[in-house]
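Novice: Would you mind keeping the following structure in view while I ask a few things?
The values are calculated or read from the model by the stated rules, or taken from the named source; none is laboratory data. Remember, it's a predicted structure, so these values are computed and weren't measured experimentally. As a convention, Cβ positions derive from the backbone with ideal geometry for all residues, glycine included, and neighbour counts pool all protein chains shown. Protein only, heavy atoms only, side chains kept; ligands, DNA and RNA dropped before computing areas. Shrake-Rupley method; radii C 1.70, N 1.55, O 1.52, S 1.80 Å.
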Amino acid sequence: MTVPPSITRLAQRCFGKPIIRNDLRGELVEEIVAMALEPEWELCAGDWAAFDLKQAEGPLRIQIKQSAALQSWSAPGGPVPKPQFSIAAKTGRWEGFTWIDGVGRNAEIYIFGWHGRTDEGADHRVPDQWQFFVVAERDLPAQKSLSLSTLRKLAEPVRFDALKLEVGKAATGL
């Protein structure tokens, strides 16, 4: 099937620049993580999905959170925002068109992506420029968000090429 020109134009407008805007960057990071973890993990993110990846042959689920030092709205050389990652418990989740009540988090493993580069070569689209922190849900504090400094106390960062191994270790420990 040929890609319609409107989709090509839209993809170029949304993802054709190195610094991706906040509301789209999460989609990009989900794809980057899926590339690292497939085929053992399946991407299932979308719309109101309760989690982002599921184990292909198992019950485990992954939630991906991300932040970046450079924002599409940042002035060059301006201040770098302090990253915060939401980890708030939810009141339930959607499974298809059915709402399932239940307070808690919707995944057993959390992956936090951090893009800290602020130089001219910074490009959110490049997997090797990201750091990933893999944390079991049970090890997350009972609070609504995490700072990068708190996250660094919970896990060591890994690069794209080591992400699959780190997720495997976390999954084995559950």
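Novice: Could you run the Karplus curve 6.51 cos²θ - 1.76 cosθ + 1.60 with θ = phi - 60° over the stretch 51-58 and give me ³J(HN,Hα) per residue in whole Hz, x for Gly and Pro?
Specialist: 8, 9, 9, 10, 5, 5, 10, x
Novice: Residues with amide H under 5 Å of W41's amide H, sequence separation 5 or more or different chain, H placed in the peptide plane at 1.01 Å from N; which?
Specialist: Result for W41 returns A56.
Novice: Here's another thing I want to ask about it. Taking 0.36 nm per residue of sequence separation and subtracting the Cα-Cα distance, how much length would be gained by fully extending the chain between K169 and A56, in nm to one decimal?
Specialist: On the way: separation 113, 0.36 × 113 = 40.68 nm, distance 1.62 nm.
My answer for the length gained is 39.1 nm.
Novice: Now a separate question. Sorted by accessible area (1.4 Å probe), largest first, how do F160, F97, F133 line up? Mind dumping the intermediate values first?
Specialist: Numbers: F160 45, F97 200, F133 0 Å².
Listed by decreasing accessible area, they come as F97, F160, F133.
Novice: Okay, next question. Largest first, how would V80, V158 line up by accessible area (1.4 Å probe)?
Specialist: Descending accessible area places them as V80, V158.
Novice: If you restrict to DSSP beta bridges whose two residues both lie in the stretch 63-159, what percentage is antiparallel, to the nearest 5? Walk me through the numbers before you get to the answer.
Specialist: Numbers: 15 of 21 bridges.
Antiparallel: roughly 70 percent of the beta bridges in the stretch 63-159.
Novice: Right, here's the next one. Please give the calculated 222 nm ellipticity per residue for the chain, where each DSSP H segment of at least 4 residues contributes -39500 (n - 2.57) and the sum is spread over every residue; nearest 500 deg cm²/dmol?
Specialist: Calculated mean residue ellipticity at 222 nm is -7500 deg cm²/dmol.
Novice: Determine how large the accessible area of L154 is when every protein chain is in place; take a 1.4 Å probe and give Å² rounded to the nearest 10.
Specialist: That residue has around 70 Å² of solvent-accessible surface.
Novice: Keeping every protein chain in place, order F51, F112 by accessible area at 1.4 Å, biggest value first, i.e. largest first.
Specialist: The ordering from most to least exposed comes out as F51, F112.
Novice: Going 7 Å from the Cα of K144 in the Cα-to-Cβ direction, what parts of the stretch 87-114 have a backbone nitrogen less than 15 Å from that spot?
Specialist: 87-91
Novice: Given the pairs K17/K54; K90/K153; K82/K144; K65/K164, which span a C-alpha to C-alpha distance of over 18 angstrom in this model? Please list the in-between numbers first.
Specialist: On the way: K17/K54 30 Å; K90/K153 24 Å; K82/K144 16 Å; K65/K164 16 Å.
Flagged as over cut-off: K17/K54; K90/K153.
Novice: Now, a different point. Quick one: how many Å² of E40 are accessible to a 1.4 Å probe, rounded to 10?
Specialist: Accessible area of E40: about 90 Å².
Novice: Using DSSP, restrict attention to beta bridges with both residues in the stretch 42-105 and report what percent are antiparallel, rounded to the nearest 5.
Specialist: Details: 9 of 10 bridges.
So the antiparallel bridges in the stretch 42-105 amount to around 90 percent.
Novice: Something else: Along the charge dipole of the stretch 46-100, pointing to its positive end and built from +1/-1 on Cβ of Lys, Arg, Asp and Glu, which listed residue (I100, G58, P83) has its Cα farthest out?
Specialist: P83
Novice: From the square roots a ≥ b ≥ c of the eigenvalues of the alpha-carbon gyration tensor of the stretch 118-174, which class results: rounded (a/c under 1.5), prolate (a/b over b/c), or oblate?
Specialist: Judged from the Cα gyration tensor, the stretch 118-174 comes out oblate (a/c at least 1.5, b/c at or above a/b).
Novice: Taking every DSSP beta bridge with both residues inside the chain, roughly what % is antiparallel (nearest 5)? Could you put the intermediate results ahead of the total?
Specialist: Values: 20 of 28 bridges.
Once the DSSP bridges in the chain are tallied, antiparallel ones form about 70 percent.
Novice: Gap in Å between the Cα centre of the stretch 46-62 and the Cα centre of the stretch 72-150?
Specialist: For the stretch 72-150 versus the stretch 46-62, the Cα centre distance is 16 Å.
Novice: Is the shape of the stretch 1-100 best called rounded, prolate or oblate, per the rule: a/c under 1.5 gives rounded, else a/b larger than b/c gives prolate, else oblate, with a ≥ b ≥ c the square roots of the Cα gyration tensor eigenvalues?
Specialist: Note, shape of the stretch 1-100 comes out oblate.
Novice: Can I ask one more? Need the full-extension length gain, D123 to S6, defined as separation in residues times 0.36 nm minus the C-alpha distance. One decimal, nm.
Specialist: The span from D123 to S6 would gain 39.7 nm if fully extended.
Novice: As a test question: what accessible area, to the nearest 10 Å², does S6 have when a 1.4 Å probe is rolled over all protein chains in place?
Specialist: 80
Novice: Hey, what do the phi angles of the stretch 130-143 turn into as Karplus ³J(HN,Hα) couplings, whole Hz, using 6.51/-1.76/1.60 and θ = phi - 60°, x for Gly and Pro?
Specialist: The phi angles translate into 9, 10, 10, 10, 9, 9, 5, 3, 5, 8, 7, x, 7, 8 Hz.
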